[in-house]
Amino acid sequence: MLTLKPLPAFEDNYIWVLYDDQHAIAVDPGDPAPLIAYLDTHQLALTAVLITHHHRDHTGGNTTLRQRYHCAIYAPDNPSIPATTHILRGGEILNLTAPELHFSILATPGHTLDHISYVGHGSLFCGDAVFGCGCGKLFEGTPAMMAASLDAIMALPDATRVCCAHEYTLSNIDFAKTIDGSNQALLERERNDRTARSNNQPTLPSTLAREKATNPFLRFHAPDMIAFATRYLNRPNPSPADVFGAIRAAKDAWDG
Ligand code: ZN
Ligand code: FE
């Protein structure tokens with residue numbers, strides 16, 4: 001029996017913990033304190049940390065956790081990530097023994113160039129690539145690069161649980177409504193997710209099916225979003241990467 005738990009950290013991060021009755025792994029533990037408290041309460045040994053990209057709000061726990069648990073630390077190839085024990089580049093299968101877990105590694109550059117995602121056990125740990133109804137800002141990559149990463153994610157099964165590293169869903173929905181306000185699935189999602197947040201529950205994990213239906217950043221092949229980009233860019237026949245780029249630019253402008 002595996003349990004999947006999002007631990008709130010900082011203002012709006014989630015550290016995803018996956019564990020059996022004795023052993024746990026954690027994804028992107030930027031702050032070690034809430035993770036250590038949770039592991040102590042549930043008497044779990046941390047065997048591995050999985051890192052999606054180099055930002056400190058994801059890697060800040062590595063040194064402390066490595067010292068305390070002697071856990072393996074899997075991370076992309078970036079010397080700025082502390083305490084890495086195993087480098088992953090995308091395309092590998094990662095086999096862990098306790099708990100017994102198998103992940104395929106997906107290169108998902110765009111938010112950063114080093115960004116990878118972990119796919120296994122019906123779940124996608126996508127760091128800052130995909131958020132509930134949103135996606136990561138393009139700090140290092142290009143729209144074409146991120147669109148290709150999102151296409152790879154969209155090829156996963158619809159039932160995949162989407163485990164994002166931040167609780168940004170409600171503000172992402174506010175933006176999505178400005179460009180896709182007649183999308184009934186989006187409006188229904190808004191009701192569900194507002195209820196979850198008002199009960200202090202995470203809006204995550206989401207599912208890939210829900211994201212494909214409501215997340216504008218996964219809808220860059222949809223006629224409505226192509227029409228939006230045509231207006232936004234003021235030119236006909238935008239490519240899929242152009243449509244994605246227009247949605248990203250509109251969101252960046254909306255964020256101010
Ligand atoms: Zn980030
Ligand atoms: Fe982040």
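Give HIS55, HIS121, HIS23, HIS115 a once-over and let me know the one that is touching a residue at least 60 places away in the same chain (Cβ under 8 Å), crowded, with 18+ Cβ neighbours inside 10 Å and more than 16 Å from ligand 2 (Cβ to nearest atom).
Working: HIS55 fails: more than 16 Å from ligand 2 (Cβ to nearest atom); HIS121 fails: crowded, with 18+ Cβ neighbours inside 10 Å; HIS115 fails: more than 16 Å from ligand 2 (Cβ to nearest atom).
Within the list HIS55, HIS121, HIS23, HIS115, the selection yields HIS23.
Regarding SER182, is this residue of a type in the set (Ser, Thr, Tyr) and outside any helix (DSSP H, G or I)?
Numbers: of a type in the set (Ser, Thr, Tyr): yes; outside any helix (DSSP H, G or I): yes.
Judged against the criteria, SER182 is a match.
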Q | Residue within segment 119-133 that is part of a loop (DSSP other than H, G, I, E, B), more than 12 Å from ligand 1 (Cβ to nearest atom) and within 14 Å of the chain's Cα centre (by Cα) present | A | yes
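How about segment 74-88: which of its residues are assigned to a loop (DSSP other than H, G, I, E, B) and in contact with an Asp or Glu (Cβ under 6 Å, 6 or more places away or on another chain)?
Pass one, segment 74-88, residues assigned to a loop (DSSP other than H, G, I, E, B): 77-85.
The answer is ASN78, and nothing else.
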Q. Looking at segment 20-47, which of its residues are within 19 Å of the chain's Cα centre (by Cα) and among the aromatic types (Phe, Trp, Tyr)?
A. none
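Looking at segment 156-171 only, could you name the residues that are part of a loop (DSSP other than H, G, I, E, B), of a type in the set (A, V, I, L, M, F, W, C) and either within 16 Å of ligand 2 (Cβ to nearest atom) or touching a Ser or Thr at 6+ places or on another chain (Cβ under 8 Å) (or both)? If you could, list the steps in order and put the result at the bottom.
So in segment 156-171, the residues part of a loop (DSSP other than H, G, I, E, B) come out as 156-160, 165, 167-168.
Narrowing further to those that are of a type in the set (A, V, I, L, M, F, W, C): 156, 159, 165.
Result: ALA159, ALA165.
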Q.
I'd like the residue in segment 58-68 that is more than 11 Å from ligand 2 (Cβ to nearest atom) and polar (S, T, N, Q) and, out of all such residues, is nearest to ALA129 (Cα to Cα).
A. ASN62
Q. For the subset of segment 1-20 comprising residues that are hydrophobic (A, V, I, L, M, F, W, C) and not in a strand (DSSP E or B), which member is nearest to ligand 2 (Cβ to nearest atom)?
A. PHE10
Q: Test each condition in (1) touching a residue at least 12 places away in the same chain (Cβ under 8 Å); (2) under 20 Å from the mean Cα position of the chain (by Cα); (3) not in a strand (DSSP E or B) for ASP174 and report the one that comes out false.
A: (1)
Q. Applying the selection to segment 209-251, what residues are under 22 Å from the mean Cα position of the chain (by Cα) and surrounded by fewer than 16 Cβ atoms within 10 Å (Cβ to Cβ)?
A. ALA209, HIS221, ALA249
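For residues that are out of contact with any helix residue (DSSP H, G or I) (no Cβ under 7 Å at 6 or more places or on another chain) and more than 22 Å from HIS23 (Cα to Cα), tally how many sit in segment 72-86.
Step one: filter segment 72-86 for residues out of contact with any helix residue (DSSP H, G or I) (no Cβ under 7 Å at 6 or more places or on another chain), giving 72, 74-80, 84-86.
Then keep just the ones that are more than 22 Å from HIS23 (Cα to Cα); that gives 76-80.
Total satisfying the criteria: 5.
Of the residues THR85, THR112, THR97, THR64, only one is within 16 Å of ligand 1 (Cβ to nearest atom) and at pLDDT 95 or above; which? Full working, then the answer.
On the way: THR85 fails: within 16 Å of ligand 1 (Cβ to nearest atom); THR97 fails: within 16 Å of ligand 1 (Cβ to nearest atom); THR64 fails: within 16 Å of ligand 1 (Cβ to nearest atom).
The match here is THR112.
The values are calculated or read from the model by the stated rules, or taken from the named source; none is laboratory data. From a predicted model like this one, the values you see are computed outputs, not experimental measurements. FYI the Cβ positions are ideal-geometry reconstructions off the backbone, even for glycines, and counts take in every protein chain you see.
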